[in-house]
Amino acid sequence: MPQTREELESLPGVGRKTANVLLNTLWGHHTIAVDTHLFRLGNRTGLAVGKTPLDVEKKLMHITPKQHLKNAHHLLILYGRYVCTARSPKCGECVAKTPCQWKEKA
Ligand code: SF4
C-alpha cells in the first residue's frame with residue numbers, strides 16, 4: 001500500500017481525512033485527520049479556527065507540540081466524542097474549560 005498522502009488520495013474513495021488516518025495509524029506519520037469532532041472542537045474552543053477541515057488541520061499541526069503529533073488525532077477525537085460533544089458538552093468536568101473560548105460553555 002502506498003505510504004504518501006498523494007498516492008493514497010489517488011485511490012477511489014480516499015480523501016485527505018482517510019489518507020491522514022491511514023498514514024498515522026498504519027505508519028506512524030505525524031498527521032491529524034480532521035473529522036466532524038475535530039472540526040467542531042477546533043472552532044468551538046478557539047484552538048484551531050477555520051472554515052474548512054484543511055484550515056483546522058493546518059492550525060492543529062502548527063500548534064501541537066511535536067512530541068504529541070502522533071497521538072493528537074486520537075486524543076482529540078476521543079475528547080470530542082466523550083467530553084466536548086456536539087450536544088450538551090460536559091463543560092463542568094472539562095479540563096480545558098479555562099482556556100476554552102466557547103461563549104456558551106457552562
Ligand atoms: S469547556 Fe465545554 S465547550 Fe469548552 S472544550 Fe470543554 S467541553 Fe468543550
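Every number here is computed from the coordinates shown, using simple stated rules; none is lab data. Worth saying up front: this structure is predicted, and the values here are computed from it rather than measured. Don't worry about glycine lacking a Cβ; one is built from the backbone with ideal geometry, like all the others, and counts go over all protein chains shown.
According to the square roots a ≥ b ≥ c of the eigenvalues of the Cα gyration tensor, what is the shape class of the stretch 13-64, taking rounded for a/c under 1.5, prolate for a/b larger than b/c otherwise, and oblate for the remainder? Working shown, then result.
Details: a/c = 2.39, a/b = 1.63, b/c = 1.46.
Prolate.
Quick one: order Cys84, Cys100 by neighbouring beta-carbon count within 10 Å, fewest to most.
Working: Cys84 21, Cys100 18.
Taking fewest neighbouring Cβ atoms as first place, the list is Cys100, Cys84.
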note = Rg/Rh of the chain (Cα atoms, Kirkwood Rh), to two decimals, equals 1.00
Those residues of the stretch 23-58 whose amide nitrogen sits under 14 Å from the label point placed on Glu104, 7 Å along Cα→Cβ = 40-41, 43-45
request  = Considering the options Thr36, Leu60, Thr98, tell which one lies farthest towards the positive end of the dipole of the chain, charges being +1 on Lys and Arg and -1 on Asp and Glu at the Cβ, about the Cα centre.
outcome  = Thr98
ask   = Quick one: Cα centre-to-centre distance for the stretch 42-92 and the stretch 1-33, in angstrom?
value = 19 Å
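Per-residue ellipticity at 222 nm for the chain, helices alone: DSSP H runs ≥ 4 residues times -39500 (n - 2.57), over residue total, nearest 500 deg cm²/dmol? Don't skip to the answer; put the middle values down first.
On the way: 5 runs with 52 residues, N = 106.
Only helices count here, giving -14500 deg cm²/dmol.
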note = In this structure, among Lys51/Lys97; Lys59/Lys105; Lys59/Lys103; Lys17/Lys70; Lys17/Lys103; Lys66/Lys97, pairs with alpha-carbon gaps over 25 Å are Lys17/Lys103
message = Under 12 Å from a point placed 7 Å out from the Cα of Cys91 along the Cα-to-Cβ direction: which residues of the stretch 32-58 have their backbone N that close?
response = 45
request  = Give the order of Ile63, Ile77, Ile32 when sorted by the count of other beta carbons within 10 angstrom, beginning with the fewest.
outcome  = Ile63, Ile77, Ile32
